[in-house]
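Undergrad: One structure coming up, written as structure tokens, with questions to follow.
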Amino acid sequence: MKMHRFLLAAAACCFCLSATAQWQWLDKDGRKVFSDRPPPADVPDKNILRQPNMRAPAAAPTQAAPAAQSATSASPAAAPPKPSGKDKELEKKKAQAEAEEAAKAKAEEERKAEVRADNCERARRAKTTYESGRRIVQTNAQGEQIVVDDAARAQEIQRLDGIIASNCGSGG
């Protein structure tokens with residue numbers, strides 16, 4: 001029974017070793033990146049610190065070794081393995097986040113449309129009131145009531161026309 005537990009513990013340790021990050025490189029900001037996938041193509045070879053089946057970075061090539069290096073890089077075994085595909089869970093989360101963003105944008109656009117419709121209706125009612133010719137009384141900053149004269153009435157009608165043009169779309 002002790003041997004069985006020992007073998008089980010050894011197998012568990014072996015599985016843990018395969019889960020460790022196999023790639024290690026320095027990104028453009030100089031930070032170490034650990035991953036089980038190869039670095040992006042824009043990372044220079046000198047910044048790759050660790051690769052699968054390789055414990056330490058390769059020694060810097062000397063002037064006599066460029067031909068040997070080009071011969072090894074031409075072989076398919078020396079090339080870093082290509083990613084096996086996209087992470088489906090990550091893609092699903094990304095699509096869900098994009099859908100949520102689109103829903104938020106749509107809700108915001110609907111809210112803005114409601115505000116524009118409300119502004120349009122208010123401006124049309126106010127314009128109708130100002131064009132009716134009835135006496136309009138407003139309260140100034142000091143709390144006094146002032147009768148709106150013809151010049152102020154024309155100015156307010158012009159302002160309301162601008163609001164109607166920008167919120168109603170048809171301009172009147």
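Just so you know, all these numbers are worked out from the coordinates, no wet-lab data involved. Just so it is clear, the model here is predicted, and its values are computed rather than measured. Counting neighbours? That spans all protein chains shown, and the Cβs are built from the backbone with ideal geometry, glycine included.
Undergrad: Considering only Cα-Cα distances, which of the following residue pairs are longer than 31 Å: K32/K88; K28/K93; K32/K104; K2/K88; K32/K106?
TA: Numbers: K32/K88 26 Å; K28/K93 27 Å; K32/K104 36 Å; K2/K88 41 Å; K32/K106 40 Å.
In this structure, K32/K104; K2/K88; K32/K106 exceed 31 Å between Cα atoms.
Undergrad: Taking the Cβ of V33 as the center, what net charge do the other residues with Cβ under 12 Å away carry, scoring Lys and Arg +1 and Asp and Glu -1? Write out the running numbers ahead of the final one.
TA: Details: positive: K28, R31, K32, R37, R50; negative: D27, D29, D36.
Net local charge, V33 excluded: +2.
Undergrad: Multiplying the sequence separation of A41 and E91 by 0.36 nm and subtracting their Cα-Cα distance, what value in nm do you get?
TA: On the way: separation 50, 0.36 × 50 = 18.00 nm, distance 2.10 nm.
Extending this stretch completely gives an extra 15.9 nm.
Undergrad: Shifting gears a bit: Could you calculate the FRET efficiency of L7 with E98 from 1/(1 + (r/R0)^6), where r is the beta carbon distance between them and R0 is 45 Å, rounded to 0.05? The partial results should precede the final answer.
TA: Working: r = 48 Å, r/R0 = 1.06.
So, using R0 = 45 Å, E works out to roughly 0.40.
Undergrad: Sorted by packing (mean other beta-carbon atoms within 10 Å per residue), highest first, where do 29-38, 160-169, 142-151 land? Before the final figure, lay out each step's value.
TA: On the way: 29-38: 11.5, 160-169: 15.4, 142-151: 8.8.
Packing order, densest peptide first, comes out as 160-169, 29-38, 142-151.
Undergrad: Turning to a different aspect of this structure: Got a sec to turn the phi values of region 37-42 into Karplus ³J(HN,Hα) couplings, 6.51 cos²θ - 1.76 cosθ + 1.60 with θ = phi - 60°, whole Hz, x for Gly and Pro?
TA: 10, x, x, x, 5, 7
Undergrad: Using the Karplus equation 6.51 cos²θ - 1.76 cosθ + 1.60 (θ = phi - 60°), what ³J(HN,Hα) coupling, rounded to whole Hz, does each residue of region 112-125 give in order, writing x for Gly and Pro?
TA: 5, 5, 5, 5, 4, 5, 5, 4, 4, 5, 5, 5, 5, 5
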